[in-house]
1. Show me, bin by bin at 5 Å from 0, the whole-percent P(r) of chain B based on Cα pairs.
2. Let me confirm the definition first: pairs of Lys residues in the protein assembly as shown, 8 or more apart or on different chains, C-alpha distance under 29 Å. How many are there?
3. Rank the residues B:28, B:7 as a footprinting-exposure proxy: fewest other Cβ atoms within 10 Å of their Cβ go first.
4. What is the projected area of the convex hull of the Cα atoms of the range A:6-114, averaged over all directions, in nm²?
5. What translational diffusion coefficient, in µm²/s and rounded to a whole number, does the Stokes-Einstein relation yield for the range B:67-110 at 25 °C and a viscosity of 0.890 mPa s, taking the hydrodynamic radius as the Kirkwood radius over Cα pairs?
6. Tell me, B:54, B:16 in order of fewest to most beta-carbon neighbours within 10 Å?
7. Equivalent-ellipsoid semi-axes (√(5λ), Cα gyration tensor) for the range B:16-58, whole Å, largest first?
8. Normalised by the residues of the range B:11-106, what does the relative contact order come to in percent, with Cα pairs under 8 Å and at least six apart?
Amino acid sequence: NAGVTQTPKFQVLKTGQSMTLQCAQDMNHNSMYWYRQDPGMGLRLIYYSASEGTTDKGEVPNGYNVSRLNKREFSLRLESAAPSQTSVYFCASSEAQGNNSPLHFGNGTRLTVT
Amino acid sequence: GEDVEQSLFLSVREGDSSVINCTYTDSSSTYLYWYKQEPGAGLQLLTYIFSNMDMKQDQRLTVLLNKKDKHLSLRIADTQTGDSAIYFCAESADDYKLSFGAGTTVTVRA
């Protein structure tokens with residue numbers, strides 16, 4: 001049981017380049033999320049998808065777009081990367097709507113923008 | 001996140017108890033969580049507590065909640081080297097969104 005799988009694990013981009021971070025979960029979860037983790041700031045929510053077919057902005061959506069391709073997959077796109085987007089990106093999923101639905105995290109994508 | 005605060009570092013001797021503290025501001029928080037992050041990995045849920053509880057114990061872990069002071073703590077008994085990690089406090093008052101603290105890096109020394 002793979003859980004939440006993110007690709008790639010590492011990426012280096014030049015300013016202005018674009019890329020898509022991929023995420024897939026095999027737990028039949030309804031909700032999926034993208035977070036970024038920066039030193040001393042914890043995790044901040046970029047976008048989330050409460051269910052297949054819906055997406056909503058989180059705390060720090062600027063510079064990003066998302067696609068909930070199907071129930072399993074939720075991708076994050078950087079159209080024109082900036083050095084401020086250097087971070088570790090985590091995808092997560094949860095079973096259902098409701099507070100007691102723990103998040104399951106992938107192992108992260110470490111992105112450097114030069 | 002700005003709504004959840006934790007101290008950044010804790011050093012503890014192997015075999016001692018560790019206590020990690022967290023404060024939050026949202027009085028409508030219904031669930032509070034502790035996550036553990038080991039190097040190079042994502043976050044794993046350690047335990048959670050519902051806001052109408054004062055305490056929850058799970059093997060070596062004890063969670064204490066003071067709702068009046070909006071203070072949450074995680075106690076790890078008999079701390080081992082494998083407990084070295086970053087521990088995140090998180091609160092949820094909304095169906096989908098968690099607010100995370102900045103994380104406490106716990107270092108266990110021999």
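1. Spelled out bin by bin, chain B gives 2, 13, 25, 25, 20, 10, 4, 1, 0 percent.
2. 23
3. B:28, B:7
4. 6.3
5. My calculation gives 195 µm²/s for D.
6. B:54, B:16
7. Sorted largest first and rounded, they come to 21, 14, 11 Å.
8. 35
Every number in this text was worked out from the coordinates using simple rules, so none of it is lab data. The structure displayed is predicted, hence computed values, not measured ones. Positions of Cβ are generated from backbone atoms using ideal geometry, with glycine treated the same way; all protein chains shown enter the neighbour counts.
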